[in-house]
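Reading through the structure tokens given below for one structure.
The values are calculated or read from the model by the stated rules, or taken from the named source; none is laboratory data. Predicted, not measured: the structure shown is a model, and the values here were computed from it. Glycine also receives a Cβ, built like all others from the backbone with ideal geometry; neighbour counts cover every protein chain displayed.
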Amino acid sequence: VNAKGGAFGSALQAASLNGRNRVVELLLERGAEVNAQGGLYSNALLAACLNGHEQVARLLLTNCADVSSKHRVYATPLQAAAINGFTRVVSLLTQYGAEVNQQGGQYANALQAAARNGHERVVGTLLGLGVDVNRAGGYYGSALQAACRNGFMVVVKILLDHGADPNVQSGIYENPLQAAASSNRAEILQLLLDRGAKVNVVGGSFHTALHAAAHQGHENVVNMLLEAEADVEIVGGKYGSALDAAILNGHVNVVERLRNAER
């Protein structure tokens, strides 16, 4: 029953991933090791949580599954449940002691994972449980940046209303404004500016929000940033100036707008 190998590492992990309650129960009765490691999902609990199988997760937890077990990408069962929006599984895991601020994996923590995919209910649940809204780390740097980059306005508002810092610096885009500018999220960008985001912060993939918008050819966002007093003279990063970034990618209208702003 504890033979190891294959894509899922063990029979228990395979059954858990696919929500086979009775099979999981039978395997546990026959002595399956609940915390066996291996396979694509590292362990049975994380596999069940990733696909939202609440009853399987509960069964594993009552049989002493490790609620903090680790995975390279998803980090923990809590983060796995959060990234796919399984609110009930998130609540279940916290009832069994899952740490809402635990760091690790591609998205650093459960809040960033949920925000990245716009799962409003999970975000709200985690905030209600006292998660640190400004916890830094992971690909996006923060939950706010993840929501900004992927265009989830409601999540952005929820996070800001719960104290998310619009100027937090971390991750691939360095700050929420650059994350929004790079993906042409004009409404989110305006909200960030209204909430005190600094327009000329430097760092990240594009160096500034203006560089990001210019490089991507987002003319409307370029105009918004210039109206908010973005500095066209800032030079840095791999593109030099925002004008250079626009020229490099042939964004004629943006080039003209930036040249006019320099005069």
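Summed over the range 103-127, residues that are of a type in the set (Gly, Ala, Ser) and part of a loop (DSSP other than H, G, I, E, B) total 4.
Screening Leu159 on (1) under 26 Å from Glu99 (Cβ atoms); (2) outside any helix (DSSP H, G or I); (3) of a type outside the set (S, T, N, Q) shows it passes everything except condition (2). Ala48 meets the stated requirement of being more than 21 Å from Gly138 (Cβ to Cβ), in a helix (DSSP H, G or I) and out of contact with any strand residue (DSSP E or B) (no Cβ under 6 Å at 6 or more places or on another chain). Of the listed requirements (1) closer than 18 Å to Ala146 by Cα; (2) in contact with a helix residue (DSSP H, G or I) (Cβ under 7 Å, 6 or more places away or on another chain), Gln106 misses just one: (2). Which one is nearest to Ala147 (Cα to Cα) among residues in the range 72-97 that are of a type in the set (A, V, I, L, M, F, W, C) and surrounded by fewer than 24 Cβ atoms within 10 Å (Cβ to Cβ)? Selected residue: Val73. Kindly evaluate Ala15 against the criterion of being closer than 30 Å to Asp132 by Cβ and aliphatic (A, V, I, L, M). Against the criterion (closer than 30 Å to Asp132 by Cβ and aliphatic (A, V, I, L, M)), Ala15 does not qualify. Scanning the range 162-185 for residues that are part of a helix (DSSP H, G or I) and of a type in the set (A, V, I, L, M, F, W, C) yields a total of 4. In the range 238-247, the condition of being surrounded by fewer than 14 Cβ atoms within 10 Å (Cβ to Cβ), within 30 Å of the chain's Cα centre (by Cα) and over 25 Å from Leu191 (Cβ atoms) is met by at least one residue.
Remark: pairs (first residue in the range 37-65, within 12 Å of Tyr96 (Cα to Cα) and among the hydroxyl-bearing types (Ser, Thr, Tyr); second residue assigned to a helix (DSSP H, G or I) and modelled with pLDDT of 95 or more; Cβ separation under 6 Å; 6+ apart in sequence or on different chains) are absent.
Being among the hydrophobic types (A, V, I, L, M, F, W, C), touching an Asp or Glu at 6+ places or on another chain (Cβ under 9 Å) and in a loop (DSSP other than H, G, I, E, B) is a property that Val232 has. Name the single residue, out of those in the range 8-34 being part of a loop (DSSP other than H, G, I, E, B) and in contact with a helix residue (DSSP H, G or I) (Cβ under 8 Å, 6 or more places away or on another chain), that is surrounded by the fewest Cβ atoms within 10 Å (Cβ to Cβ). Within the range 8-34, the match that is surrounded by the fewest Cβ atoms within 10 Å (Cβ to Cβ) is Glu33.
Has the range 210-221 got any residue that is among the aliphatic types (A, V, I, L, M), more than 24 Å from Val252 (Cα to Cα) and assigned to a helix (DSSP H, G or I)? Scanning the range 210-221 turns up no residue that is among the aliphatic types (A, V, I, L, M), more than 24 Å from Val252 (Cα to Cα) and assigned to a helix (DSSP H, G or I). Does the range 29-47 contain any residue that is in contact with a Ser or Thr (Cβ under 7 Å, 6 or more places away or on another chain) and among the hydroxyl-bearing types (Ser, Thr, Tyr)? Looking for residues that are in contact with a Ser or Thr (Cβ under 7 Å, 6 or more places away or on another chain) and among the hydroxyl-bearing types (Ser, Thr, Tyr), one finds at least one in the range 29-47, hence yes. Within the range 128-155, the set of residues being in a helix (DSSP H, G or I) and either under 12 Å from the mean Cα position of the chain (by Cα) or modelled with pLDDT under 95 (or both) comprises Ala143, Leu144, Gln145, Ala146, Ala147, Cys148, Arg149, Asn150, Val155.
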